[in-house]
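This report concerns only the one structure given below.
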Amino acid sequence: MISKNKVKYIRSLEMKKFRKADQVFVAEGHKLVGDLLGAFECTYLAATAQWLDQHTSVLHSAQLRHTEIDEVSEDELKRLSFQETPQQVLAVFRQPQWSVNLNEVASQGLCLALDDVQNPGNLGTIVRVADWFGIEHIFCSQGCADIYNPKTVQATMGAIARVQVHYVNLEEALKSLDGSVPVYGTFLDGENMYEKELSHQGVIVMGNEGKGVSKEVEACVDERLYIPNYPEGRETSESLNVAIATAIICAEFRRR
């Protein structure tokens, strides 16, 4: 039987201050946990007998040699889980520590920069979009949602294993770029992106769900883009969801 202290500890990781203190995060479900086991150090794993029986090779692998593992019942898993319907397994992983230079990676390929994207689901979906389009680095302002929020981790659908998310002073990071790295941003008064020449490298800035790109970050943008609605001039929604807009922008960059 799992201890009350263990339940209390896992549940505490829903809060950022406790995740930050221990530098860990929680993932749930056989698909997500399976994707992350090979990418991050697993410190704790709780799973049903069925899951453990089906993953004996994983349990005896070197990557779980120092992992605390508990067999739990469905009811015990519900006490640990952040989901309405737990999926057989929950794991605690160590947060990775990356040190990356924006200018270096943006001069070699496309990167995303997120300016205060605050919805955990949007952030997780954007990470998933980046993974689909081969974008390996996302630079977030300090006002963005926490990538290690359980809702964000779940929304990445495992893409967090392949896309590195960095928290920076976004204005300073963009100002540090040399002149050869283009910075694109999306604005209602931008140029039609389908008629604009697009690069295979650089930074694509996406703004806050309600306020868009801040004035400070906007000043760092070289190329202003607009996703046109169809047909042009038709009365339509005021704006697109930031995750959907990111997918459209990334698809067009890759199509070129």
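The values are calculated or read from the model by the stated rules, or taken from the named source; none is laboratory data. All of these numbers come straight from a predicted model, not from anything done at the bench. Because the Cβ atoms are built from the backbone with ideal geometry, glycine has one as well, and the counts that use them run over all protein chains shown. For the accessible areas, the whole protein counts, side chains as well, though only heavy atoms, and no ligand, DNA or RNA atoms are used. Shrake-Rupley method; radii C 1.70, N 1.55, O 1.52, S 1.80 Å.
The long axis of helix 242-255 is offset from the longest Cα principal axis of the chain by roughly 70 degrees. Each semi-axis of the equivalent ellipsoid for region 176-256 is √(5λ) with λ an eigenvalue of the Cα gyration tensor; in descending order they amount to 21, 16, 11 Å.
For the chain, the longest principal axis of the C-alpha atoms and the axis of helix 120-132 are separated by about 80°. Note on the chain: with neighbouring protein chains present and a 1.4 Å probe, carbon and sulfur make up 46 percent of its accessible heavy-atom surface. Just so you know, the Rg over Rh for region 93-155 is 0.95, from Cα atoms, with Rh as the Kirkwood radius. Note on region 1-143: antiparallel DSSP beta bridges, both residues inside, total approximately 60 percent of the bridges counted. In the chain, helical runs assigned H by DSSP with n ≥ 4 each contribute -39500 (n - 2.57); averaged across all residues and rounded to the nearest 500, the mean residue ellipticity at 222 nm is -9000 deg cm²/dmol.
Extents of region 122-163, largest first, come to 25, 20, 15 Å (Cα atoms, principal axes, whole angstrom). Over region 164-223, the ratio between the Cα radius of gyration and 2.2 N^0.38 Å evaluates to 1.14. A 1.4 Å probe run over the chain, with the rest of the protein chains in place, finds 52 Å² accessible per residue. Phi angles across region 45-60 convert, under the Karplus curve 6.51 cos²θ - 1.76 cosθ + 1.60 with θ = phi - 60°, into 3J(HN,Hα) values of 9, 10, 8, 6, 4, 4, 5, 5, 5, 7, 10, 4, 5, 5, 5, 9 Hz, Gly and Pro given as x.
Could you sort out which of Lys20/Lys215; Lys20/Lys78; Lys6/Lys78; Lys20/Lys151; Lys151/Lys215; Lys17/Lys175 sit more than 22 Å apart by Cα distance in this structure? Violating the 22 Å Cα-Cα cut-off are Lys20/Lys215; Lys20/Lys78; Lys151/Lys215; Lys17/Lys175. When restricted to Cα atoms, region 1-144 yields an Rg and a Dmax of 17.0, 53 Å, respectively.
Taking one quarter of the surface of the convex hull spanned by the alpha-carbon atoms of the chain gives a direction-averaged projected area of 15.4 nm². Database remark: amide H of Val72 closer than 5 angstrom to the amide H of Ala47, Thr48, Ala49 (H placed geometrically; neighbours at sequence offset of 5 or more, or on other chains; Pro and chain starts carry no H). Here the relative contact order of the chain, from alpha carbon pairs under 8 Å that lie six or more residues apart, stands at 19 percent. Entry note: region 106-256 has Rg to Rh equal to 0.94, where both radii use alpha-carbon atoms and Rh is the Kirkwood radius.
Here the 3J(HN,Hα) profile of region 151-158, calculated from phi with Karplus coefficients 6.51, -1.76 and 1.60 at θ = phi - 60°, is 5, 5, 4, 5, 5, 6, 6, x Hz, Gly and Pro shown as x. Taking amide H positions as modeled 1.01 Å from N, with prolines and chain starts lacking one, the residues under 5 Å from Gln87 and 5 or more places away or on another chain are Gly29.
Taken over the Cα atoms of region 11-93, the convex hull encloses 86 Å³ per residue. Sequence-ordered 3J(HN,Hα) estimates for region 191-202 from the Karplus curve with 6.51, -1.76 and 1.60 and θ = phi - 60° stand at 8, 3, 5, 6, 10, 9, 6, 10, 9, 8, 9, x Hz, glycine and proline given as x. Unpaired Cys in the chain, meaning no second Cys C-beta under 4.7 Å: Cys42, Cys111, Cys220, Cys250.
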